[in-house]
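Every number in this text was worked out from the coordinates using simple rules, so none of it is lab data. Computed from a prediction, not measured in an experiment: that's the story for all the values here. Cβ coordinates were reconstructed from backbone atoms using ideal geometry, including for glycine residues, and neighbour counts include every protein chain displayed.
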Amino acid sequence: MSETLYIVDTFSLVFQVYHAIRQPMTGSRGQPTNAVFGFTGDLEHLLSEKRPTHLILAMESQGPQTRTEMFPSYKEHRSEMPEDLRPQIPMIFDVVAGYRIPVLLSEGWEADDVLATVACRAAERGMDVRIVTADKDARQLIGPKVKIYSIRKKQFYDETELLADWGVRPDQVIDFQALVGDSVDNIPGVPQVGPKTATQLIQQFGTLDAILANPAAAKVRSKAVIQNLTDYADRARMSRELARLNCDLPLEIDWEAARVKEPDWERLYELFTDYGFRRYASEAQMRMKEGRKILKPEEHVRQWFTIRDWQQFEQFYAAMSIQPAICFDLETTSTDPMQADIVGWAFSWEKDVGYYIPVAGPPGDQLLDAAEVLKRLSEVLGGSTHPAKLLNQNIKYDLLVLRRAGVNVDCERIGLDPMIGDYLLDAGARSHGLDELSKKYLQREVIPISDLIGSGKKQLKMFEVEVDRAAEYATEDADVALQIAGVIEEKLHKEGLWDLYWTLERPLIAVLADMEFQGIRVDVEELKRQSDSAAKRLEELMGQIHQIAGREFNIASPKQLAEVLFTDLKLPVIKRTKTGPSTDEEVLTELASKHELPARIIEHRMLSKLKGTYLDALPAMVNPFTGRVHTSFSQVTAATGRLSSSDPNLQNIPIRTEEGRRVRKAFVPSEPGWKLVSADYSQIELRILAHYCEDPVLIEAFRRGDDIHRLVAAQVFEVPLEDVTSDQRRIAKAVNFGVIYGQTSFGLSAVLGIPKEDAQTFIDGYFQKYSRVKAFIEATLDEALEKGYSTTILGRRREVSGIRPKRWGNMNLPERTAVNAVIQGSAADLIKKAMIHVHGRLKRENHPARLLLQIHDELLFECPEAQVDSLIALAKGEMESAIAFRVPIAVDVSVGDNWLKE
């Protein structure tokens with residue numbers, strides 16, 4: 001069986017996949033990845049389905065090209081590379097290197113010429129050659145051993161297809177192109193000679209030279225064509241040379257290097273994880289096991305001991321009591337810590353050694369008394385007589401379970417949580433779970449929980465699992481978390497991130513645990529009233545939508561909605577998906593200015609989502625033991641450092657609509673005579689911007705307490721402050737909050753409903769008046785380019801790739817991410833520091849107020865009405881002084897009987 005070479009026209013493929021995958025795709029550091037994803041998929045297709053023996057990528061060289069010297073206008077119509085594609089090129093070649101595929105180029109020549117040279121030499125060696133390209137120039141290379149492969153159509157193109165398509169042989173292709181020309185490459189050809197005429201001429205004369213030698217004999221009807229064959233003969237000959245591929249470049253081809261070999265799976269796993277390609281990362285991880293060994297749980301030697309009686313417990317207790325650091329892990333009855341009872345306790349303080357104390361299990365298993373174990377262990381975990389550091393993966397969960405059981409852990413006892421430590425090292429990672437961290441840092445798998453409890457309807461509770469199996473599983477988790485913590489602590493010190501963990505993220509764990517334990521009361525009857533009102537409004541909207549449309553249809557069906565909008569109402573198609581015209585929110589918003597039906601659809605979607613997500617869902621989430629809702633705050637979800645909220649997500653209540661704001665009315669104090677107090681940072685991101693850019697006008701304005709939006713409007717529009725109109729202030733406000741994150745004139749015009757030209761004029765004027773803002777952005781991008789990451793005021797990092805060395809026009813996605821990381825990340829640092837300070841003051845002063853929620857830049861408290869004033873003074877003081885900035889930090893406070901302040 002002969003060897004098969006696939007040679008790829010690299011940039012032909014890159015542009016194909018870039019334009020094929022237009023939905024936004026970003027990696028862990030905010031970098032665009034759609035072209036990388038598509039290119040990787042094409043490589044996988046070639047390797048796994050076509051199975052070549054050899055694979056080469058062809059590239060064109062930088063600098064002057066030979067054809068341009070022959071014809072300066074050659075390819076002059078080619079557009080610039082899209083800004084979000086440019087940073088993906090080095091990423092693509094990182095992937096190519098990971099697959100160990102050679103890349104060939106030749107100075108002064110294009111990829112097509114490299115293709116031609118390699119194809120000719122490979123065919124001479126007896127290899128079957130398949131050229132992966134969409135460029136028609138390659139058709140001249142077709143022969144008995146050479147075919148073109150269309151990767152989009154998954155079809156081969158050979159002499160038969162060429163004859164059916166153009167009516168010529170491969171050796172006649174360049175003559176055909178000389179006549180027809182090529183608008184893509186700006187090859188001129190002969191005027192008025194199209195494909196049909198060219199085919200007719202070549203079939204009559206055989207060659208271009210024969211045609212040009214006797215154009216009068218051409219059997220074509222057009223006299224103009226015959227005349228042009230005479231007038232443009234030299235141009236035709238030049239066009240032929242432009243189209244002719246060079247099969248004799250001085251390339252050194254290492255055929256063994258081109259032989260398909262095992263990829264560098266470890267490198268690909270790192271890349272695919274960074275780029276967010278979960279399926280490819282999973283495949284690479286699986287293949288890694290064949291090279292770099294990832295140990296199965298049963299392949300790793302370790303010891304674990306099950307404490308089955310009180311004599312064993314006393315021996316265990318004596319050994320544990322003298323340890324400086326202990327990893328403990330609770331097995332429980334629920335993943336919800338506010339409803340979880342303890343099934344067993346796992347401990348580890350020595351590598352590969354663990355201890356398990358079962359307090360619940362199947363009938364017949366030997367257990368220790370749960371209350372007595374809790375009493376004894378609380379002396380170590382909750383007392384001050386044993387000052388060991390306590391650590392575990394996601395330790396906040398264990399703190400909440402212990403708190404529910406009556407054990408309060410001093411926040412000073414908390415050591416390293418590997419989950420949070422890994423987040424600080426790699427904020428953009430898709431997962432910081434123990435399974436992933438074990439593979440990442442220890443090269444070993446852990447026992448999956450599904451091995452113990454199964455899945456689906458027959459899933460067991462943890463107390464139904466045999467104690468021996470539970471002990472093996474639980475002690476492994478504690479042991480692995482202990483070992484990972486050691487590795488991560490060393491890395492945090494090495495990277496200069498230990499202080500960020502120890503002084504900010506670590507004390508915040510206890511603050512969040514207190515907030516989650518406290519929960520917040522919701523008025524279920526109020527939610528029911530709002531749900532009934534929403535249901536009535538949805539029914540009204542449905543009737544209005546059908547009346548406007550002139551017929552009934554399923555508004556939840558994108559296909560039926562598209563028929564109404566684009567077929568019945570003849571509204572313009574804004575964008576398309578694989579299945580037809582898009583009806584997403586962006587499209588409907590644009591169409592709403594043209595017709596009332598899309599506006600009604602938007603309202604119906606918003607209200608329906610609000611009803612399902614909050615009005616109907618929140619009552620079911622009230623904890624039956626506490627009567628309150630207990631959201632969960634995550635420190636490891638948002639790459640900017642912001643906290644996130646889940647179960648329920650209270651950060652996504654759509655407060656920009658009246659119906660959304662009204663949901664907040666259902667959140668009320670937990671005790672009679674109390675108030676809810678909201679403390680919200682005022683324009684914090686603009687203040688942080690002023691701090692960083694050190695613009696004297698902005699700094700002085702904030703110090704005086706000026707209306708910053710009115711001031712900016714006055715500066716840019718060059719009008720007195722008192723003459724600024726509401727529209728001018730509205731424009732300034734939009735720019736203030738958008739321009740530092742790279743908002744384009746197109747985006748600003750869409751937001752404000754003004755012409756794009758006016759938006760660009762204002763943006764230009766803004767940067768002219770506030771040149772230091774521009775300088776700050778450029779300095780931030782330069783630093784991110786040099787270091788590979790952006791840094792917040794407290795040293796938090798976010799890795800960013802794709803920053804351009806020379807920047808022009810609008811910022812690309814990585815550049816927006818880099819600036820955003822500094823501003824939003826610093827805002828995250830500030831409110832976290834403020835939460836720690838406020839929480840500490842409340843405890844030290846024994847203030848009755850309770851911190852309940854953190855939502856974006858807002859802290860929400862509940863407090864007895866008589867102590868509201870003292871709470872406001874305390875909260876404002878701590879929040880405004882948490883971190884020293886060059887501008888004053890301001891906090892707006894509101895008080896009410898509910899979160900809506902009514």
* To do: Would you count, across the stretch 521-585, every pair of lysines whose alpha carbons are under 21 angstrom apart, provided the pair is eight or more residues apart or spans two chains?
  => 5
* To do: Tabulate in residue order the Karplus-calculated ³J(HN,Hα) for the stretch 888-895, using 6.51 cos²θ - 1.76 cosθ + 1.60 with θ = phi - 60°, rounded to whole Hz; enter x for Gly and Pro.
  => x, 9, 10, 10, 8, 10, 9, 10
* Percent antiparallel among DSSP beta bridges (both partners in the chain, rounded to 5) -> 65 percent
* Net charge near Lys575: determine it from the other residues with C-beta under 11 Å of the C-beta of Lys575, scoring Lys and Arg +1 and Asp and Glu -1. => -1
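Counting Lys and Arg as +1 and Asp and Glu as -1, each charge on the Cβ, what is the dipole of the stretch 691-813 about the Cα centre in debye, to the nearest 20?
Working: 17 positive and 17 negative charges, 103 e Å.
Charge dipole of the stretch 691-813: 500 debye, to the nearest 20.
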* Asked: How large is the charge dipole for the chain, taken about the Cα centre, if only the Cβ atoms of Lys, Arg (+1) and Asp, Glu (-1) carry charge, to the nearest 20 debye?
  -> 1700 debye
* For the chain, go through all pairs of different Cα atoms, get the mean of 1/r, take its inverse, and jot down that Kirkwood value in Å. => 32.7 Å
* To do: Could you give the size of the charge dipole of the stretch 4-258 about its Cα centre, using +1 on the Cβ of each K and R and -1 on the Cβ of each D and E, expressed in debye and rounded to the nearest 20?
  => 860 debye
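Beyond 21 Å, how much of the Cα-Cα pair distribution for the stretch 691-813 remains, as a whole percent? Intermediate results must be reported in sequence, preceding the final value.
Values: 3315 of 7503 pairs.
Of the Cα pairs, 44 percent sit more than 21 Å apart.
Could you work out [θ]222 nm for the chain from helices alone, using -39500 (n - 2.57) per DSSP H run of at least four and dividing by all its residues? Round to the nearest 500 deg cm²/dmol. Please report the intermediate quantities before stating the final value.
On the way: 37 runs with 417 residues, N = 902.
It comes out at -14000 deg cm²/dmol, rounded to the nearest 500.
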* Return the lysines within reach of Lys261: Cα separation strictly under 16 angstrom, same-chain partners fewer than 8 residues apart disregarded; answer none if there are no such residues. => Lys50
* Would you be so kind as to identify which of Ala759, Gln31, Tyr317 lies farthest towards the positive end of the dipole of the chain, taking Lys and Arg as +1 and Asp and Glu as -1 on Cβ and the Cα centre as origin? => Ala759
* Asked: So for the chain, taking the charge dipole from beta-carbon charges (+1 Lys/Arg, -1 Asp/Glu), which of Tyr614, Ile872, Thr207 sits furthest toward the positive end?
  -> Thr207
* When the convex hull of the C-alpha atoms of the stretch 792-875 is computed, what volume per residue in Å³ does it have? -> 118 Å³
* **Karplus-derived 3J(HN,Hα), 6.51/-1.76/1.60, for each residue of the stretch 242-248, Hz, glycine and proline x** => 5, 7, 6, 8, 8, 8, 9
* Asked: So what is log10(I(q)/I(0)) for the stretch 4-258 at q = 0.11, 0.17 1/Å, when the Debye sum runs over its Cα atoms only?
  -> -0.65, -1.31
* **Proximal lysines relative to Lys833, as straight alpha-carbon distance under 16 Å, when same-chain residues fewer than 8 apart are discounted** => Lys843, Lys876
* If you take the Cα Rg of the stretch 475-580 and divide it by 2.2 N^0.38 Å, with N the number of residues, what do you get? -> 2.12
* Answer with one residue from Leu271, Trp304, Ile253: the one whose Cα lies farthest towards the positive end of the charge dipole of the stretch 249-315, charges on Cβ with Lys, Arg +1 and Asp, Glu -1. => Trp304
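Ratio of alpha-carbon Rg to the 2.2 N^0.38 Å globular estimate for the stretch 291-348, to two decimals, please. Write out the running numbers ahead of the final one.
Details: Rg = 15.5 Å, N = 58, 2.2 N^0.38 = 10.3 Å.
Its radius of gyration relative to the 2.2 N^0.38 Å reference: 1.50.
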* Cα centroid separation, the stretch 875-902 to the stretch 524-593 (Å) -> 40 Å
* With the Cα gyration tensor of the stretch 376-514 giving a ≥ b ≥ c as the square roots of its eigenvalues, does the rule (a/c under 1.5 for rounded; else a/b larger than b/c for prolate; else oblate) give rounded, prolate or oblate? -> oblate
* Enumerate cysteines in the chain without a disulfide-compatible partner, where compatibility requires another Cys Cβ under 4.7 angstrom. => Cys327, Cys411, Cys693, Cys863
* Residue-wise, which Karplus ³J(HN,Hα) couplings in Hz belong to the stretch 352-363, taking 6.51 cos²θ - 1.76 cosθ + 1.60, θ = phi - 60°, and x for glycine or proline? -> 6, 9, x, 10, 10, 10, x, 10, 8, x, x, x
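Which whole-number percent gives the relative contact order of the stretch 206-281, counting Cα pairs below 8 Å spaced six or more residues apart?
With pairs under 8 Å counted, the relative contact order is 15 percent.
From Cα pairs below 8 angstrom and at least 6 apart in sequence, can you work out the relative contact order of the chain, rounded to a whole percent?
On the way: 1442 pairs, mean separation 93.1, N = 902.
Relative contact order for the chain comes out at 10 percent.
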* **Cross-link pairs Lys396/Lys494; Lys756/Lys806; Lys296/Lys457; Lys389/Lys457; Lys491/Lys774 - those with Cα-Cα distance over 30 Å** => Lys389/Lys457; Lys491/Lys774
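So what is the relative contact order for the stretch 4-258, in percent, with contacts set as C-alpha pairs under 8 Å and at least six apart? Walk me through the numbers on the way to the answer.
Values: 396 pairs, mean separation 51.7, N = 255.
Here the relative contact order equals 20 percent.
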